[in-house]
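Every read-out reported here was derived from the displayed coordinates using simple, explicitly stated rules and does not represent laboratory data. The model shown is predicted, which means the values in this text are computed figures rather than measured ones. Heads up, the Cβs are rebuilt from the backbone with ideal geometry, glycines too, and the neighbour counts pull from every protein chain shown.
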Amino acid sequence: MAKSPAPKQPQNILLATDLTAAGDRAFDRAVQLAKEWNADLTLCHVVEASSARPIGIERRIRNVEAEMTELEARASGVLKRAVPRHVVIGDPAGRVIEHARAIKSDFVVTGPAHAKAYGEHLLGSTAARILRQAHVPVLAVRRRAEGAYKNIAVSVDFSTASRDAVAATRALFPAVVLTLVHAFDVQPDWSGNGANKSVGEIEAAERARVQRIAEEEMARLIGKDKSKMKSVMIEGRPGPVLTDYVDERRPDMVVTGTYSRAGTPEHMIGSTAEVLLNTLACDVLAIRPEE
């Protein structure tokens, strides 16, 4: 089997902006990352066009062009280089992904997850839909950028996807000490060898077994990189565990892997990543494993 190419820092960032006040936070973070990584930055806004909103699209485009011109000037002033801006028409998630492929973007930044006022309950937020379809890492920005990322947590379950996420995060932010967060679930076997033991004994034995395996897997994952990674293991489901962890520890960002298997329906891809995207009170970076 051919070895996957080593992860590297992005060279072409695409910012998908909705031009809202919350979208300003994504803009600031995209500019900061482009400067940190010495990467090109492209601004993209999608003007929605559908049978539900056919009127006034020309006026909307003129307004958008004016706002995008202002963003272009702000970004160019910081980065000291040209920052292309593109206004396209259509479905936001679909057009963002098409545009990312067209310009060979290797990293997408978008605003926080939020649902539309109509019909979106079946599809999820635009950010979540971008995550499902994206071929590159997707960063959903929720918090205001206050300098470079310094406190990053990576959700790990020891799958290929989470291992890839750890390697990619290490390459993206080599100076940051990562915290690997593993949520483990205890499911005792109430039959067989445990039939003559108390409930407490069975649960304690299973918890000890699960924790031992998790510690072994974590040690293998960290390997010789102990100075750049630390670990936290918490009992519970990934969603609630990460929510509590973010509320208590206040990391700048949580990183998660996504899953993409042949024949998997699009709405099932990266389901855990989507839960985190929609619930965590911090930035979320979703990384698709190498294929």
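Before moving on, here are some points about what is shown:
- A cut-off of 5 Å between modelled amide H atoms, ignoring neighbours fewer than 5 places along the same chain, links G236 with F184, D185, V186.
- Per-pair calculated FRET efficiency, R0 = 30 Å: T69 and E48 via Cβ, rounded to 0.05: 0.90
- 3J(HN,Hα) couplings calculated from phi for segment 35-45 with the Karplus curve 6.51 cos²θ - 1.76 cosθ + 1.60 (θ = phi - 60°) are, in sequence order, 5, 4, 8, 6, 9, 6, 10, 10, 9, 9, 10 Hz; Gly and Pro show x.
- Pairwise label distance in nanometres, I234 with A82, each label 7 Å out on the Cα-Cβ vector: 4.7 nm
- Put simply, when 207-216, 66-75, 13-22 are sorted by average Cβ atoms within 10 angstrom per residue, most first, you get 13-22, 66-75, 207-216.
- Gain upon complete extension [K226, D244; 0.36 nm per residue less C-alpha separation]: 4.0 nm
- Cβ-based exposure ranking for L277, L180, in which fewest neighbours within 10 Å come first: L180, L277
- Q9-S159 FRET efficiency (beta carbon distance; Förster radius 22 Å; 0.05 resolution): 0.40
- Amide H partners (placed H, <5 Å) of L180, local residues excluded: V154, K230, S231, V232
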